[in-house]
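Throughout, read-outs are computed from the coordinates displayed, never taken from laboratory work. All figures in this text were calculated on a predicted structure; none of them were measured in a lab. Cβ placement follows ideal geometry from the backbone for every residue including glycine, while neighbour counts extend to all protein chains displayed.
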Ligand SMILES: [Zn+2]
């Protein structure tokens, strides 16, 4: 077959159409077939990395020649990969000095680095800033898998509605840096004249009334953005200020609680789904109607592990998660510590999808630590425990819990403009105080902050910010 031959020859890698068709065929044959592809792709990636990357050649010295089991490999992380940037890269044209010069220039957002690659930086809310170089394989896989997801989420009627509306896609993205979504969408617009009009790129930093006006005039069939932005837009739609009728609303980063998903579905009259992943890994999992994220095991390996990088069983919340991106070759991401705490569903998901399902429980670095009430010791509180209390409170559009001292919390709130702000504030503070008291933390003070939640430079809202983050 023509499509197939293209992947076997040359360095160009698979096309998006081949990735899509391959994923369709694998799904017809069942989960075993997907895992078979995963193993074969891992063996190929490891062999490639050993041949072309000095860092991986050294790291894997002494290991068996063919690797099909990822757990045989040592773990890496952002700090390591950034510290050994030039050695990690499999293309000698990719050096930190050259990439840094490239990303220092905002005019080059979405241009091809070294004539070939997409470059994306991550804001680095905690610690190291990441610079990632992504090849056409990465992009073909991302686009091909998006086709699979569209077919999973939407009925034929929805798809017809979407095509009729010119498949107009509005992405509300972080601008002002080489972030993945702005870099990728800028490149799409530059390189594919047909996408120029149907792809709308809006800045997450735009004041809300202006953003609402821009979206009203664009009229998207698909609306994508961070969960925090979609939540604000959902409130605007309910209030009648935003008047868009998307077929699909896609939340691309940050968790979207099930209650919020229901609210957005009602507000927009659209299917609301999440994709989970990061710049380094691409799309890793996709949301289902039951509120779980199913893994895209064709092109990524996800390992929930404890603090010693040992696997944790399904039903247990992991300390962190390791990602292996089986698509990108220019800067291999193999057993890479992402820092998210995830829970694997122990039984099969009621939605009927046989792919393993996970839930993301926040980042390991967002766990709060308080001094215990009695002498010595400390009490840790997962971010989700606080988040759900605030989330359940009606009238909260956005929130941010900040630890301002070892035993003090401050809550930044963005109440619904139509809600009684004072009442919302009181309910949130009471809920948090009660939760803390139940955990033996009655000595921890909770106050409402005067300022609203703050965005990171990448345009996200961290819901919990520990003292030493
Ligand atoms: Zn499911």
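Estimated at 0.36 nm per residue, the fully extended path between residue 316 and residue 348 surpasses their Cα-Cα distance by 10.0 nm. For the range 15-102, the Cα gyration tensor yields ellipsoid semi-axes of 29, 19, 11 Å (square root of five times each eigenvalue, largest first, whole Å). For residue 457 and residue 29, what does the FRET efficiency come to when R0 = 60 Å and r is the distance between their Cβ atoms, rounded to the nearest 0.05? Taking R0 as 60 Å, the efficiency between residue 457 and residue 29 is 0.85. Put a dot 7 Å past the Cα of residue 437, heading toward its Cβ, do the same for residue 241, and the two dots end up 3.6 nm apart. When the Cα atoms of the range 261-324 are aligned to their principal axes, the ranges along those axes come out at 45, 24, 17 Å in descending order. Hey, if you drop one equal point scatterer on each alpha-carbon of the range 367-465 and run the Debye formula without solvent, what base-10 log of I(q)/I(0) do you get at q = 0.13, 0.14, 0.17, 0.20 Å⁻¹? Once normalised to I(0) and log-transformed, intensities are -0.43, -0.50, -0.72, -0.97.
A crude spin-label estimate for the pair residue 58 and residue 83, with each label 7 Å from Cα along the Cβ direction, gives 1.1 nm. The Stokes-Einstein estimate for the range 199-353, based on a Kirkwood radius over Cα pairs and taken at 10 °C with 1.306 mPa s viscosity, is a diffusion coefficient of 93 µm²/s. Cα-based values for the chain, radius of gyration first and Dmax second, are 22.4, 71 Å.
Helical content alone sets the calculated 222 nm signal of the chain at -11000 deg cm²/dmol, taking -39,500 (n - 2.57) per DSSP H segment of four or more residues and averaging over every residue. Short-range pairs are left out: with C-alpha atoms under 8 Å and at least six residues apart, the relative contact order of the chain is 13 percent.
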